[in-house]
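Student: Input: one structure, supplied below.
Each reported figure results from applying straightforward, stated rules to the coordinates on display, with no laboratory input. Here the structure is a predicted model, which is why all the values come from computation and not from measurement. Note: ideal-geometry Cβ built from the backbone for every residue, glycine included; neighbour counts use all protein chains shown.
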Amino acid sequence: LREQLVYGDTGWRDVKDASVFATGKVYLRRAGNVINLIIKDATLAGAPTGTVNIPGLTPNGFRPYENIDQALFVSPVFQRAFLGGTELRFYGVPSGNPVITGSFVYMTTDVWPATLPGTAAGGVPNV
């Protein structure tokens, strides 16, 4: 007999790593095979500029099905952001430690994670 999870919802997970993001909120959620990653009013620790790589933000169970290139708001302008595998990358981060706000919504083909990342942020909806 083989069991397979058909549907699940992790609820919102707070995955902000203080060594990467100095301020703001970073949330991750998986409902079925759809992933939501939200970055709200975040600044990067150490105020890096140029191309900034953030490894490990999307762990196994939350990786995108395919690489994603899109614009995120990096105050005061929109900048290119890349999400692929477990890495998030920002391009052209200006000086002055800008505030980053944006979201990714994507599908995954990863198996359900054995352990959830971060900490619970709110409750899990009763479906």
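Student: Give me the net charge for the shell around Ile35: Cβ to Cβ below 14 angstrom, other residues only, Lys and Arg +1, Asp and Glu -1. The partial results should precede the final answer.
Tutor: Details: positive: Arg13, Arg29, Arg30, Arg63; negative: Asp9, Glu66, Asp110.
With Lys, Arg at +1 and Asp, Glu at -1, the net is +1.
Student: So if each residue of separation counts as 0.36 nm, and I subtract the Cα-Cα distance between Phe78 and Ala18, what length gain in nm does that give?
Tutor: Numbers: separation 60, 0.36 × 60 = 21.60 nm, distance 2.35 nm.
Here the segment from Phe78 to Ala18 would lengthen by 19.2 nm.
Student: Take every Cα-Cα pair in the range 1-119 and report what % of them are more than 20 Å apart. Walk me through the numbers on the way to the answer.
Tutor: On the way: 2766 of 7021 pairs.
Tail of P(r) above 20 Å: 39 percent of Cα pairs.
Student: In 5 Å bins starting at 0, how do the alpha-carbon pair distances of the range 58-122 split up by percent?
Tutor: Result returned by the calculation: 4, 16, 22, 20, 17, 13, 6, 2.
Student: Determine, from the Cβ-Cβ distance of Ile68 and Ala121 and an R0 of 22 Å, the FRET efficiency 1/(1 + (r/R0)^6), rounded to the nearest 0.05. Mind showing how you got there, number by number?
Tutor: Details: r = 23 Å, r/R0 = 1.02.
Calculated transfer efficiency: 0.45.
Student: Return the FRET efficiency for the residue pair Met107, Thr49: r is the Cβ-Cβ distance, R0 is 35 Å, and the value is rounded to the nearest 0.05.
Tutor: Numbers: r = 32 Å, r/R0 = 0.92.
Plugging the Cβ-Cβ distance into 1/(1 + (r/R0)^6) gives 0.60.
Student: Would you mind counting up the charge near Thr108? Only other residues with Cβ under 9 Å from its Cβ, with Lys and Arg at +1 and Asp and Glu at -1. Display every interim value, and only then the final one.
Tutor: On the way: positive: Arg30, Arg63; negative: Asp110.
So the environment of Thr108 carries a net charge of +1.
Student: If you place +1 on the Cβ of every Lys and Arg and -1 on the Cβ of every Asp and Glu, how big does the dipole about the Cα centre of the chain come out, in debye to the nearest 20? The partial results should precede the final answer.
Tutor: Numbers: 10 positive and 9 negative charges, 22 e Å.
Dipole magnitude for the chain comes out near 100 debye.
Student: Please find the FRET efficiency linking Tyr7 to Arg89, where r is the Cβ-Cβ separation and R0 is fixed at 35 Å, and quote it to the nearest 0.05. The partial results should precede the final answer.
Tutor: Values: r = 31 Å, r/R0 = 0.89.
Result of the calculation: an efficiency of 0.65.
Student: Among 29-36, 41-48, 112-119, how do they line up from the highest to the lowest mean number of other beta-carbon atoms within 10 Å? Mind dumping the intermediate values first?
Tutor: Working: 29-36: 16.8, 41-48: 14.9, 112-119: 13.2.
Going by the mean number of other Cβ atoms within 10 Å, highest first, we get 29-36, 41-48, 112-119.
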